[in-house]
1. If you wrap a convex hull around the C-alpha atoms of segment 112-228 and split its volume per residue, what is the figure in Å³?
2. Please compute the Kirkwood hydrodynamic radius over segment 95-164, one decimal place, Å, based on all pairs of different Cα atoms.
3. Contour minus end-to-end for residue 248 and residue 190, with contour as 0.36 nm per residue of separation and end-to-end as the Cα-Cα distance?
4. Can you give the net charge of the other residues whose Cβ lies under 13 Å from the Cβ of residue 272, counting K and R as +1 and D and E as -1?
5. Using a simple spin-label model with points 7 Å from Cα along the Cα→Cβ vector, what separation in nm is obtained for residue 204 and residue 175?
6. Classify segment 236-282 as rounded, prolate or oblate from the Cα gyration tensor: take a ≥ b ≥ c as the square roots of its eigenvalues, call it rounded if a/c is under 1.5, otherwise prolate when a/b beats b/c and oblate if not.
7. Taking neighbour counts of Cβ atoms within 10 Å as a proxy for exposure, in what order, fewest first, do 248, 272, 260 appear?
8. Taking Rh as the Kirkwood radius, which is the inverse of the mean 1/r over Cα pairs, what is the Rg/Rh value for segment 150-282?
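Read the figures in this text as sums done on the coordinates, not as results from a lab. Remember, predicted model here, so these are calculated numbers, not experimental data. All Cβ positions, even for glycine, are placed from backbone atoms using ideal geometry, and neighbour counts span all protein chains on display.
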Amino acid sequence: MSGIIAFIRKFYFSVLFIFLEIISLVFVFSNNYYHEAGYFNSSNKIAGTIYNAYSGFTSYFSLKAVNHQLAEENARLLNSASEIKDTASHKKIAKTNPFGQQYNFILAEVIDNSTNLPNNYLTLNQGTEQGIGEGMGVISPAGIVGIVVKVSAHYSVVMSLLHKKASMSAMFKKSGTFGTLAWGDKMDYRFASLTQIPMSEKVKIGDTIVTSGYSTVFPKGIMVGQVENLKPIPELYFYVVQVKLSTDFKNLRYVYVVSDLKKIEKENLEEDAVNSLNEKVK
């Protein structure tokens, strides 16, 4: 009790001031509708600001779920787009028909990734239980990513395009002229080189480069990047084209593993053809 009295004596004027201010505010807002409305408007504004900040805060933490839903929807759209139409009836062939849908796209999340090494890899949170196998291509919403090299039941390891041994067939979207795309060991995650492009090709800065489809790894027409620069090699009559990659390898979150449903048929046919020709040569 003595402590409270000592406190009041020490801060007598401050306590008295606060007390009188409270009484004044009560009289003002209880007898003046204008000030009362102003008070509540100010309160609503403050409350609105707080709720808006809270909403932004909670929305930030829900972005992962939203992004995952969008990635799933993109996978469904990709699978729908890979269905072909019966040219006679103009109707979609059922997805269960393996001859109607050539590619299946499996959604996966990147849980580990490197970009600053001579040989870079990614780890995905999906494996054989989701239908992923070695040799499958991996793409992002922006473009190509790499090739699956190791798989377990629940995880996959992908050899990134940013790897000294990674190479693939790519072509100019406009003309269809193709070459070999490789990263080499440039240590720059933004660029790769497209080689074996004849100097007769009219190359322009900004030309679009896409996958050629000359393998069972990537479908034709997947975005690769755009021409950033080119260097002529007169003695070989070729260009070395610097390509700015469309995929931002430093910000990969969700990717799609590409399963070619006709891969085995194609490879078996090609193997049989080679064996038949070899038999004839003998």
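1. Values: hull volume 11.6 nm³, N = 117.
Measuring per residue, one finds 99 Å³ for the Cα hull of segment 112-228.
2. Values: mean 1/r = 0.0788 Å⁻¹.
Its Kirkwood hydrodynamic radius stands at 12.7 Å.
3. On the way: separation 58, 0.36 × 58 = 20.88 nm, distance 0.72 nm.
Extra length available between residue 248 and residue 190 comes to 20.2 nm.
4. Values: positive: 266, 280; negative: 265, 267, 270, 271, 279.
Surrounding charge for residue 272 is -3.
5. Spacing of the two 7 Å Cα→Cβ label points: 1.2 nm.
6. Values: a/c = 6.41, a/b = 1.61, b/c = 3.98.
Here segment 236-282 falls in the oblate category.
7. Values: 248 13, 272 10, 260 20.
By the 10 Å Cβ count, ascending, the order reads 272, 248, 260.
8. Details: Rg = 17.4 Å, Rh = 16.8 Å.
Rg divided by Rh gives 1.04.
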